[in-house]
Number of protein chains: 2
Amino acid sequence: MTEKIYQPGEHYNYPLIIKKILNTPLIYSPDQEIVYRDKLRYTYRDLNVRIQRLANGLETMGVKTGDTVAVFDYDSNRFLEAFFAIPMMGSVLQMVNWRLSAEQIIYTINHAEAKAVIINSDFLPIMENIREKLTTVKTVIVIPEDGSVPETSFTIDAVYDEMLENASPEYNFPDLDENTKATTFYTTGTTGDPKGVHFTHRQLVLHTLSCSIAVGSYETIGRFRSNDVYMPITPMFHVHAWGIPYIATLLGVKQVYPGKYEPEMLLKLIVKENVTFSHCVPTILQMLTASPAVKQFDLSKWKVVIGGAKLSKGLAKAAKDMGFTVYTGYGMSETCPIISLSVPKYNMTDLDEDQYLDVIVKTGLPVPLVEFEVVDPDGTPLPHDGVTAGEVIFRAPWLTNSYFKAPDKTQELWKNGWLHSGDVGHINKEGYLQITDRVKDVIKSGGEWVSSLDLENLMSQHEAVAESAAIGIPDEKWGERPMMIVVVKPEYEGKVTPEDFKKYMKAASEQGKLPKYGVPDRYEFAFEIPKTSVGKLDKKVMRKMYQ
Amino acid sequence: MTEKIYQPGEHYNYPLIIKKILNTPLIYSPDQEIVYRDKLRYTYRDLNVRIQRLANGLETMGVKTGDTVAVFDYDSNRFLEAFFAIPMMGSVLQMVNWRLSAEQIIYTINHAEAKAVIINSDFLPIMENIREKLTTVKTVIVIPEDGSVPETSFTIDAVYDEMLENASPEYNFPDLDENTKATTFYTTGTTGDPKGVHFTHRQLVLHTLSCSIAVGSYETIGRFRSNDVYMPITPMFHVHAWGIPYIATLLGVKQVYPGKYEPEMLLKLIVKENVTFSHCVPTILQMLTASPAVKQFDLSKWKVVIGGAKLSKGLAKAAKDMGFTVYTGYGMSETCPIISLSVPKYNMTDLDEDQYLDVIVKTGLPVPLVEFEVVDPDGTPLPHDGVTAGEVIFRAPWLTNSYFKAPDKTQELWKNGWLHSGDVGHINKEGYLQITDRVKDVIKSGGEWVSSLDLENLMSQHEAVAESAAIGIPDEKWGERPMMIVVVKPEYEGKVTPEDFKKYMKAASEQGKLPKYGVPDRYEFAFEIPKTSVGKLDKKVMRKMYQ
């Protein structure tokens, strides 16, 4: 791409493109560190050179403007390099969810028409099984996790670090149109084929700016600041780790990438590298707080945004008791993802512990430039009374424009100029959104909606409960009745009965925490709760199991 | 404007427009206060209603999409209301510098083709003199500063508060194209006619987002946070008070507007309303720190960005000794205005006082999305060595695209796709910009450049000096020689001689603070330094006086 020649008087039309994000840390904190486990440690200055080498390497391998490059990797410096280099050269970064089935992986790569694949050697076995079914991939670049490429039956075109070493350290990244597609990945619903969402440079830059303000400038708990140390604990393949690596880079903070998620290793990294800001799903936080090792670690400076599933009040209290800060973040694959954060407002200065926990487990307040409403089936906005629930709809500058090559599904997503989330919730008079269910998981008993998330949240506060799920099961009289599937903590096994839980829920109802018709009749014990590949409760499977 | 009808699947193309900024405080802090001196106090909720009333009022008065509305006012809630209502309805806000001469005011209003004028009654005398020369203005709306409209010889079409009272409190602000012109005002150079700069909705929104991050999220001194209390002390007509009212509104902070600038009243407001964040020019800060009243006030929580002219080390030390925080902000009318802020970097943790002061008086580091370089006359970037000076050039998403109806002047502003600032400066290896002069004020002695800002900064540190200016005067041998014009502090009058200053500057030169050829030969005492209407040293006038 040749540089534009300007005529006298002609101004520069500044595009909102990813390469512009990188300018700031290179001036503010060029010597700040990027760390990959205990394996690699380099500076933002080095990151900048490696991004240029990666772009040159990919170009040498035949990757062109507009081509899609699929990346299979753990959370690592390589993934961060790909977050920048691939979009900056005008190509599209596809983040592959390696927890999907081989069939689904084939589907997503072929559907995205990926031309090249960058793959961690740990995932080569998956690749070997599906290589011949990949119809568009021409080039395979391997990242040897342990330094040497393992034996494999198929052709590898390049080895990641060798490719970088051999590539030129200078790449003149073009000034792209800000509406150029930058990233794509596939959402994994419980029904049908995965759907391809995609985001432009403009969308990612605006997400980065607004969310930096939301997590940084609002004077509240858990702020993300330029003297924090960042470590993601939601996979980078999952909605670009919530877009937070871009924010971390803009702020020029020290970044720590943990590779695979092993509780003790994560805890050790947090302490060793002084990690102060992370984000993860409740399951992982549960795993960490339940780990016997956790007591040896001082986590008092750690701030964690919890998303992906509801942060229960029980888990929030456990974190608070252990001395670190948690609060809710909310979004979807379709929304880049951040929509809201749940923190107390500037004037909520005299909350007691219970009120404080009630605030931080809400779905949250919209970040700047996000608008949300709850609507009835006709699309009419419902009152902000904290009770009246409807489907949650969004506007923001960073929502996916469509599902890739799926106009039918896009028609369901975008209606009347609003993105329809498929989530049910209500908004209170303070403006806090509370998601109560997925539209398709809603339990309707005697014509009344029962919130499965409310039920699960209440159960989480019972001392014997490790995890639970609420589903609706058909009922002749009421249409549907709620039932709970419960995983009991090991130390309580055999010591609690379904009747105990029913009593507990009845008591909660009597305290006004649940309508009377919402008290489940049935409580089933289970060893684990079925989950989707990204860790969400798989209610479709559960409904089948217990119907 | 009718609402767009969306087809199924058609997404909402989110525009970056000013009305979107207002959504956030209405959710986060609707009950937070906006204060006008001791005269008025209302909430963001009220602000939102008043903005809608103002738009309806203006529409009733015949203001249409695309029309320009000129505002003459002190810093007030009315001006804040105009910052939002006028652009949000698709009209253009013209901010009038009432310190200009009547001739210049006529020129700027006619040149901008303003259709309506909103004017504080204090400025009616100016208006009476020029009314018949205004060729485009059809409507005049008066703000009676003291409640009642004073006697005047000409027709007033409406009174501001009555117009609002009579207007509907609901206005359906359109989703404008983000490239719609939102604001305009005129720069007042020392030569030629004032030049009209203008900014679009997109430019103002991006300025607001990036600058919010720069002043809020970077962990450094003087941060602007949502629990701060804001009061501008640079006029709202001057580059929209540096765009900071938009940032303050996004953050939902308490805002205090002081009207006219009287030192004791400003100090009282700061203490009474708990003001913690302001911005002003050195002259005003000087006035405040020199005020006998200042000792009665606790300013320890006050953070002040200093711009408009160089923050001298002497003044920075005075502020530090008084216990409040100051640092440099830099920009120009053409740049919306913020380009840089000068604060220590995250790793500058062990600066002694002298080093700290050296950092905060620099011109600064670019805010996110700003790029600057210094170039030689051919446009070639110069090394970042902290010494090699050249013209400073910019790129950012918020630079004026052109001077309104002045293509010749635009050709000088925009060259090779960069905005040419007319400032001379250098960049050091840490990335800090230091402006040393205006291109046209540069002193060239024996072929070497002498920085007039360096000279003024050194003089500011002499105990007897209240203010000073350096200019170049013709010299047969050297081409030009620097000379100083000095205002001596009252208590030193008659106690210092030009020879004392020359000794002082020679000593500074021997300490390596100034090249030998930079020591001025001539020192002239003056009662005041000639300034332009926005308070900048008027060197053109001085060169004429002392030639």
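Summary of values
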item	result
Ascending list, in nanometres, of distances separating the A:GLY479 label from those of the other copies (7 Å, Cα toward Cβ)	8.8
FRET E, pair A:GLU430, B:PHE525, Förster distance 60 Å, beta-carbon r, rounded to 0.05	0.45
The range B:402-499: mean projected area of Cα convex hull, nm²	10.3 nm²
Other copies of B:VAL387: label-to-label distances in nm, shortest first, labels 7 Å along the beta-carbon direction	7.6
Threshold 40 Å², the range B:371-406 residues less accessible with all protein chains present than alone (1.4 Å probe)	B:GLU371, B:ARG395, B:ASN401
Per-residue mean of C-beta atoms belonging to partner chains within 10 Å, peptide A:19-30	5
Å³ per residue enclosed by the Cα convex hull of the range A:193-281	115 Å³
Options A:TRP478, A:ALA319, A:THR136, ranked by Cα towards positive dipole end of chain A, top entry (Cβ charges)	A:TRP478
Dipole magnitude of the range B:98-211, debye to nearest 20 (Cβ charges: Lys/Arg +1, Asp/Glu -1, about Cα centre)	600 debye
Using a Förster distance of 45 Å, the FRET efficiency for A:ASN179-B:ASP157 (Cβ separation, nearest 0.05)	0.50
Cα gyration tensor shape of the protein assembly as shown, rounded if a/c is under 1.5, else prolate or oblate by comparing a/b with b/c	prolate
Distance histogram for the range B:72-156 (every C-alpha pair counted, 10 angstrom bins, percent rounded to whole numbers)	16, 53, 29, 1
Probe 1.4 Å, protein heavy atoms only - accessible area per residue of the range B:327-443 in square angstrom	36 Å²
Diffusion coefficient, µm² s⁻¹, Stokes-Einstein with Kirkwood Rh over alpha-carbon pairs of chain B at 37 °C and 0.692 mPa s	134 µm²/s
Cα convex hull volume per residue for the range A:503-547 (Å³)	110 Å³
Low-density loop cleavage sites - GluC sites (Glu not before Pro) in the range B:1-103, where at most 10 other Cβ are within 10 Å (DSSP)	B:GLU3
Percentage, to the nearest whole number, of Cα pairs in the range B:282-388 over 18 Å apart	57 percent
Percent RCO, i.e. relative contact order, over chain A, from Cα pairs under 8 Å lying at least 6 residues apart	11 percent
Between B and A, accessible area buried - total, square angstrom, nearest 100, 1.4 angstrom probe	5300 Å²
For the range B:346-403: rounded, prolate or oblate by the Cα gyration tensor [a/c cutoff 1.5]	oblate
Å² per residue, accessible surface of the range A:47-150 at 1.4 Å	31 Å²
Neighbour-limited loop hits for GluC sites (Glu not before Pro), the range B:110-187 (at most 13 other Cβ within 10 Å; DSSP other than H, G, I, E, B)	B:GLU151, B:GLU170
Dipole axis of the range A:7-111 (+1 Lys, Arg; -1 Asp, Glu on Cβ), positive-most option in A:MET89, A:ALA102, A:ASN23	A:ASN23
With all protein chains modelled, accessible area of A:LYS489 [1.4 Å, Å²]	60 Å²
Selection of chymotrypsin sites (Phe, Trp or Tyr not before Pro), the range B:2-35, meeting DSSP coil and at most 16 other Cβ within 10 Å	B:TYR6
Cα centroid separation - the range B:245-285 against the range B:388-428, whole Å	31 Å
Total charge dipole magnitude, the range B:191-341, about the Cα centre, Cβ charges on Lys, Arg, Asp, Glu only, Debye to nearest 20	220 debye
Distances in nm from B:GLY147 to the matching label points in the other copies, shortest first (labels 7 Å along Cα to Cβ)	8.5
Dimensionless Rg ratio for the range A:285-335, taking C-alpha atoms and the 2.2 N^0.38 Å reference	1.21
Student exercise, the range B:437-522 dipole from Lys, Arg, Asp, Glu Cβ charges, in Debye to nearest 20	180 debye
Kirkwood-based Rg to Rh ratio, the range A:1-129, C-alpha trace	1.04
Pairwise centroid distance, computed over Cα atoms, of the range A:22-92 with the range A:457-504, Å	47 Å
Taking only Cα atoms of the range A:157-219, radius of gyration then Dmax in Å	17.7, 50
The range B:218-363 - convex hull of the alpha-carbon atoms, volume per residue in Å³	104 Å³
Relative contact order of the range A:154-278, pairs being alpha-carbon contacts under 8 Å that are 6 or more residues apart, as %	19 percent
For the range B:217-264, residues shielded by at least 30 square angstrom of accessible area compared with the chain on its own, probe 1.4 Å	B:SER217, B:TYR218, B:GLU219, B:ARG225, B:SER226, B:ASN227, B:LEU250, B:LEU251
Accessible area of the protein assembly as shown belonging to carbon and sulfur atoms, whole % at 1.4 Å probe	49 percent
Summed side-chain charge close to B:GLU510 - residues other than B:GLU510 whose Cβ falls under 11 Å, Lys, Arg +1, Asp, Glu -1	+4
Cβ neighbours within 10 Å from other chains - mean over A:202-214	4
Full-extension gain in nm, B:GLU3 to B:ASN274, via 0.36 nm per residue minus C-alpha separation	93.3 nm
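The values are calculated or read from the model by the stated rules, or taken from the named source; none is laboratory data. The structure displayed is predicted, hence computed values, not measured ones. Every residue, glycine among them, receives a Cβ derived from its backbone with ideal geometry; neighbour counts consider all protein chains shown. Heavy atoms of the whole protein, side chains included, go into the accessibility calculation; ligands, DNA and RNA do not. Shrake-Rupley method; radii C 1.70, N 1.55, O 1.52, S 1.80 Å.
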